[in-house]
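In what follows, a single structure is set out as structure tokens and then discussed.
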């Protein structure tokens with residue numbers, strides 16, 4: 001094996017390692033890739049319909065509850081024909097770290113999805129309001145660019161903030177996805193998301 005110091009390029013936003021690929025009888029390939037930096041990753045998947053996305057959501061919730069995967073937050077969204085993204089699912093389930101899935105996922109959406117395509121962004125409530133400082137982090141724009149185009153008009157999707165080591169396993173639970181993309185989230189951004197979620201939880205109305 002070649003010496004890493006001689007052959008490995010300087011880390012960039014494009015520096016990824018393919019973790020898994022899934023192909024069905026129609027030839028649709030879902031590829032999970034994870035960047036090498038940071039302890040967290042954002043997994044985004046596109047599905048043909050909301051039913052498929054919600055089924056995966058349920059599987060991920062079960063995996064988080066039984067401790068087999070460490071998932072900080074998951075959100076089901078739907079893009080209308082104009083490309084505007086609507087939030088479909090949020091839950092009050094609290095993770096092992098004490099953060100609520102729905103609020104973490106709301107902050108993730110507010111941070112990484114451009115406000116211009118979030119239909120009814122007010123539905124994110126205090127989660128969206130608390131995400132302001134996280135949106136100021138430079139790396140956020142890099143992640144936003146990586147995710148552009150994954151959830152296309154007329155499709156549904158899942159956004160999941162997970163630990164980097166669990167990202168391949170999370171992607172593997174999405175065989176029905178038309179596309180799966182996993183992008184590294186640097187520690188500063190992940191920390192800001194969790195801080196914003198914790199802050200939002202203290203003032204969030206019941207039912208978020």
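Descriptive notes on the structure:
- In the range 167-183, of all residues being touching a strand residue (DSSP E or B) at 6+ places or on another chain (Cβ under 7 Å) and within 20 Å of residue 97 (Cα to Cα), the one that is surrounded by the fewest Cβ atoms within 10 Å (Cβ to Cβ) corresponds to 167.
- Scanning the range 113-132 finds one or more residues that are on the phi > 0 side of the Ramachandran plot and at pLDDT below 90.
- Verdict on residue 175 being more than 12 Å from residue 71 (Cβ to Cβ) and in a loop (DSSP other than H, G, I, E, B): yes
- Close pairs (6 angstrom Cβ cut-off, 6 or more residues apart or separate chains): on the phi > 0 side of the Ramachandran plot and part of a strand (DSSP E or B) in the range 71-97, surrounded by fewer than 13 Cβ atoms within 10 Å (Cβ to Cβ) and at pLDDT below 85 anywhere: none
- Selection status of residue 48, more than 15 Å from the chain's Cα centre (by Cα), crowded, with 18+ Cβ neighbours inside 10 Å and either at pLDDT 90 or above or within 21 Å of residue 140 (Cβ to Cβ) (or both): no
- Qualifying residue in the range 191-205 (condition: outside any strand (DSSP E or B), within 13 Å of the chain's Cα centre (by Cα) and surrounded by fewer than 18 Cβ atoms within 10 Å (Cβ to Cβ)): no
- The residue that is modelled with the lowest pLDDT, among those in the range 164-189 that are out of contact with any helix residue (DSSP H, G or I) (no Cβ under 9 Å at 6 or more places or on another chain) and under 20 Å from residue 142 (Cα atoms), is 187.
- Index of the failed condition, residue 10 passing every other in (1) at pLDDT below 65; (2) in a loop (DSSP other than H, G, I, E, B); (3) under 27 Å from residue 107 (Cα atoms): (3)
The values are calculated or read from the model by the stated rules, or taken from the named source; none is laboratory data. A quick note: this is a predicted structure, and the numbers were derived from the prediction, not measured. FYI the Cβ positions are ideal-geometry reconstructions off the backbone, even for glycines, and counts take in every protein chain you see.
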